[in-house]
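Since the structure comes first, as structure tokens, the remarks are kept for the end.
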Amino acid sequence: MNVIDEKYYSISRHFQSQSKIEGSKFIADIFPIVTEEEAEKYLQKIRNAYFDATHHCFAFACGPERKNFRYSDDGEPSGTAGVKIFSAVQSSNLSDVLIIVTRYFGGTKLGVGGLGRAYFESAKKVIDDSTIVEKFLFQEILLSFSFSDTNPVMNIIHKMKIKILQTTYEDDKAHLSAAVLPSSVDHCTVSLTNATNGRIEISFGAKKTIIV
């Protein structure tokens, strides 16, 4: 994985925007998410809030490469809503987001082309109104070392700008959890091993995403 793959963009919090197109009212909500379950929870919340709306079309994407994604036209003509919302997410280079565009039909049919543009522009508007944040994919590494090796270990950690997640102490040992960019893992482990003459114990935890 290269450095570009390790960094991606999301949003800081929930935002909403509204627009009126040919009499129809479009309400766009964007939420930060990390799982499909979160997307379902927010989707149900919006459906309950706007129970009398004509359609609740949506798209979501999760992960640095947007491998987990789904979209729905929710009764609109096929290809006019969900995929257009997802296109707005892709064109803005976002992930870990859910966008729901709620439509109240105003009596005037927009046609397939007009409808697609309306959903894309509604999604793009709420994205533009949002605060964008950088997210990084990290590998968690677990370190165990004696107190006498604290200085060389901390020197490497500070030099490589490694983020410490948790530190605990037991008897004469320190146990440290840290977040390392996947592209730096090999260099980090070699440096720590050399600095302690092989005394440090290194294992690996889960991969995590962190807002920086």
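Nothing in this text is a laboratory measurement; each read-out follows from the coordinates by a stated rule. From a predicted model like this one, the values you see are computed outputs, not experimental measurements. FYI the Cβ positions are ideal-geometry reconstructions off the backbone, even for glycines, and counts take in every protein chain you see.
Descriptive notes on the structure:
- For the range 176-194 versus the range 1-78, the spacing of their alpha-carbon centroids is 36 Å.
- In the chain, excluding the sites themselves, the longest stretch lacking any of the chymotrypsin sites (Phe, Trp or Tyr not before Pro) that are in a DSSP loop with at most 14 other Cβ atoms within 10 Å is 106-212.
- Each label was represented as a point 7 Å from its Cα along the Cα-to-Cβ direction; for Ser148 and Ser183 these points are 3.8 nm apart.
- Hull volume per residue, based on the alpha-carbon atoms of the chain and their convex hull, is 119 Å³.
- Of the DSSP H helices in the chain, those whose Cα atoms cover at least 24 Å axially and whose Kyte score averages -0.5 or more: 111-128
- Contact order relative to length of the range 135-212, as percent, for alpha carbon pairs under 8 angstrom and 6 or more apart: 52 percent
- Sparse packing (at most 16 other Cβ atoms within 10 Å of the Cβ) combined with a DSSP loop state is found for the following trypsin sites (Lys or Arg not before Pro) in the range 46-144: Lys67, Lys109.
- Tail weight of P(r) past 18 Å, computed on alpha-carbon pairs of the range 134-211, percent: 34 percent
- Helical content alone sets the calculated 222 nm signal of the chain at -9500 deg cm²/dmol, taking -39,500 (n - 2.57) per DSSP H segment of four or more residues and averaging over every residue.
- Cross-link reach list, lysines versus Lys135, counting only Cα pairs under 23 Å and skipping chain neighbours closer than eight places: Lys7, Lys41, Lys67, Lys124, Lys125, Lys159, Lys161, Lys163, Lys207, Lys208
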